[in-house]
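**Student:** Pasting a structure below so you can have a look.
The values are calculated or read from the model by the stated rules, or taken from the named source; none is laboratory data. Values in this document were obtained by computation on a predicted structure and should not be read as measured data. Ideal geometry is used to build each Cβ from the backbone, glycine not excepted, and the neighbour counts take in all protein chains shown. Calculation scope for accessible area: heavy atoms of the full protein, side chains included, ligands and nucleic acids excluded. Shrake-Rupley method; radii C 1.70, N 1.55, O 1.52, S 1.80 Å.
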Amino acid sequence: MIGDIHQHVTRSSVASQAFSSHSAYVASFEPRDVSHALSDPNWVNAMHEELENFERDHIWDLVEPPLNCRPIGTKWVFKNKQGENGMVVRNKPRLSFLLKSGFVMGSVDKTLFLLSRGGDTLIVQIYVDDIIFGGSSHALVFSFAEQMSREFEMILMGELQFFLGLPEGTFVHHAKYTKDILKKFDMGDSKPMTTPMSTNTALDITEDGEAVDQKKFRGMIGSLLYLTATRPDIQFAVCLCARYQASPRTSHYQAVKRIFKYLKFTPELGLWYSSGYSLSLRGFSYADHAGCRIDRKSTFGTCQLLGTSLVSWSSHKQASVSLSTTEAEYIAAASCCSQLLWMKATLSDFGLKYGRIPLLVDSTSAISVAKNPILHSKTKHIDVRDHYEKGDIDLIYIVSANQLADIFTKPLEFDAFTRLRVTMPSVTKVKSTAFEMPGASQPTALKEISSRNLEEAGFYGLLRHANGFGTRFVCSHIHE
């Protein structure tokens, strides 16, 4: 037991106080390890409560260890539980018994646990007191469910329908949310536009023009940023307009309204994830050299595909000015390389092994810098060449017209924009009928689902193809 258990403070002893007073009895930080937690009395109390629950539920019996045997340790996991207003209302420690049961912790995601038994695999993901688990064997899944039910006070919620507010399915979209924000900002009756930004748009920090309502402008930007989780086609336009929130002018406001008019034209676009394709991994990178009118910094875009599914994308302004197109393209390739290596490490936890991962770049000079040791020695960025020589990354030239990442770097004409958007296999429109993918043996029925926060459910993003392996997922909740 930790300290004197009879002297700790429980939440019930302060329940009659105001919420602001109650918040003083919980810690706002999440400890790195046990020693860090023991430095705070609130976490000590929380650990006491957890151990008391184990004793009450007869989770274990304390006995002397057998001779000549080394006990297998357990691991504390410390998480803060937050209320609807974001305030920390509960310090939630949990002892993980998975490691001593033969599970292996993910090398990248420390809340991911995998168990291999024979030719079957069981996958477990933990988020505070919610657990999602599934495997290739129904017997293995049910056995794990029974084991967890015996050791913990759990509520088995059945086959997965929602996790972290994210429904299960193969089509992710924000159709209802899109219509809601169009109505919220009085854009429901606006004239539809075919692209999110005109190629003639030239936004700048200027004192000219009439100032607009900053609160409304920021509200519109915030709503659009939330929407980019399922709408990569508006990523660049939204990020560009977001740079002018400090002092928005009429020109900036008109650019944001243009994005809403494009949403009026395409309210039901979303991300389609097929289970009928391979899990090959590839990346695209592109840079618009000196594209920013203010500081002449370059804007680069990257995207990564798992099979035919778009699982990650980005649009960034580079931190420093690039002196040449080659340098800008090389920095973009370096960023994409980092993301691909992270994804490769994460996917390896699921038993997926990769050789050289294709990274498609439309700059022959940037490829030469990465492959040539003399030229490479003059660069100061991530060592792409090392990963090339190690066999992690394979730099491949692609013509600019087929460069998917171009959509994340600058405004495009309608034909080019639409062609790239359609080329991305995941970006499609909500349908209620069967959708036949090229090369599929039979039509696959689409499930119309909505996502509240795609980014916080990365586990789901890596398991979108799980149905292709005959895997079923079950969700459970550890009762408090």
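**Student:** Could you work out what % of the accessible surface of the range 265-344 is carbon and sulfur, using a 1.4 angstrom probe and leaving DNA, RNA and ligands out of the count?
**Tutor:** On the way: 1450 of 2700 Å².
Carbon and sulfur together cover 54 percent of it.
**Student:** Within the range 195-323, what is the number of lysine pairs with alpha carbons under 21 Å apart, leaving out pairs fewer than eight places apart on the same chain? Spell out each step's value before the answer.
**Tutor:** Working: K215/K257; K215/K261; K216/K257; K216/K261; K216/K264; K297/K317.
So the count of such lysine pairs works out to 6.
**Student:** Could you please state, rounded to a whole Å, how far the C-alpha centre of the range 185-200 is from the C-alpha centre of the range 40-76?
**Tutor:** Their Cα centres are 59 Å away from one another.
**Student:** Report the dimensions of the range 265-350 along its three principal axes from the alpha-carbon atoms, largest first, rounded to Å.
**Tutor:** 44, 38, 16
**Student:** Regarding the range 142-285, what's the average projected area of the Cα-atom convex hull, expressed in nm²? Please report the intermediate quantities before stating the final value.
**Tutor:** Values: hull surface 54.8 nm².
That works out to 13.7 nm², a quarter of the Cα hull's surface.
**Student:** Further question: Which of the trypsin sites (Lys or Arg not before Pro) found in the range 257-339 are loop residues per DSSP with 11 or fewer other Cβ atoms within 10 Å of their Cβ?
**Tutor:** R293, R296
**Student:** When only DSSP loop residues count, what trypsin sites (Lys or Arg not before Pro) in the range 28-75 have their Cβ near at most 12 other Cβ atoms within 10 Å? Could the numbers behind the result be given before it?
**Tutor:** Details: sites: R32, R56, K75; in loops: R32.
Those satisfying the criteria are R32.
**Student:** Now for a different question. Which peptide among 300-306, 334-340 comes first, and what is the full order, when sorted by highest mean count of other Cβ atoms within 10 Å? Intermediate results must be reported in sequence, preceding the final value.
**Tutor:** Values: 300-306: 25.4, 334-340: 21.9.
Ranking the peptides 300-306, 334-340 by packing returns 300-306, 334-340.
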